[in-house]
1. Across region 105-131, what is the total count of residues that are in contact (Cβ under 8 Å) with a residue 60 or more places away in the chain and out of contact with any strand residue (DSSP E or B) (no Cβ under 6 Å at 6 or more places or on another chain)?
2. Could you check region 129-147 and list, in sequence order, the residues that are at pLDDT 70 or above and assigned to a loop (DSSP other than H, G, I, E, B)?
3. Taking the condition surrounded by 10 or more Cβ atoms within 10 Å (Cβ to Cβ), of a type outside the set (Ser, Thr, Tyr), at pLDDT below 95 and farther than 13 Å from GLN62 by Cα, does ILE120 pass?
Amino acid sequence: MLLPSPSAFLILPQLQSLRISSPFLHGSSPIHHLNKPSSSLSTSYPSPPSFAPPIRAMKTLQGKVVCSTNDKTVAVEVVRLAPHPKYKRRVRKKKKYQAHDPENQFKVGDVVQLEKSKPISKTKAFIAVPFIARNRPKPPEAVPQELSIPLESQQT
């Protein structure tokens, strides 16, 4: 049998003098305080700060519209690069997503951005948003047809 060391008897009264005070110890607090508040008069939880930007990790995808025949729905094909399991070469993986298009504004071939939302139907959980390319070539400026410089053949 193991006997406690003599120093353990000196520490024991110090530990007994410590009191942990909590209303939840030994059932001293009624259980109804632990439930969710049921009325609007009870204390409400503070809302998160409004200045913090929303976290958008893995909630947007980019793809090309491949079908727009359904009403308010477009099929978008998203292409991503993934390593081949055996050969480790990057291969293209394609997946089609159904996205909500409320105004039927997208046609086949349009590049759109998909934003995650609450499920709209059994297969739709994304909303299609127009995608603005960052480094898109600028449209060529209109060049005047006449430069008002006479050609050599017109000079006499």
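The values are calculated or read from the model by the stated rules, or taken from the named source; none is laboratory data. It should be emphasised that the depicted structure is a prediction, and the values quoted were computed from it without experimental measurement. Every residue, glycine as well, gets a Cβ built from its backbone with ideal geometry; the counts of neighbours run over all protein chains shown.
1. Keep residues of region 105-131 that are in contact (Cβ under 8 Å) with a residue 60 or more places away in the chain, which gives 126, 128, 131.
Next, from what is left, pick out any that are out of contact with any strand residue (DSSP E or B) (no Cβ under 6 Å at 6 or more places or on another chain): none.
Adding up the residues that qualify gives 0.
2. Keep residues of region 129-147 that are at pLDDT 70 or above, which gives 129-135.
Within region 129-147, PHE131, ILE132, ALA133, ARG134, ASN135 qualify.
3. On the way: surrounded by 10 or more Cβ atoms within 10 Å (Cβ to Cβ): yes; of a type outside the set (Ser, Thr, Tyr): yes; at pLDDT below 95: yes; farther than 13 Å from GLN62 by Cα: yes.
Yes: the conditions hold for ILE120.
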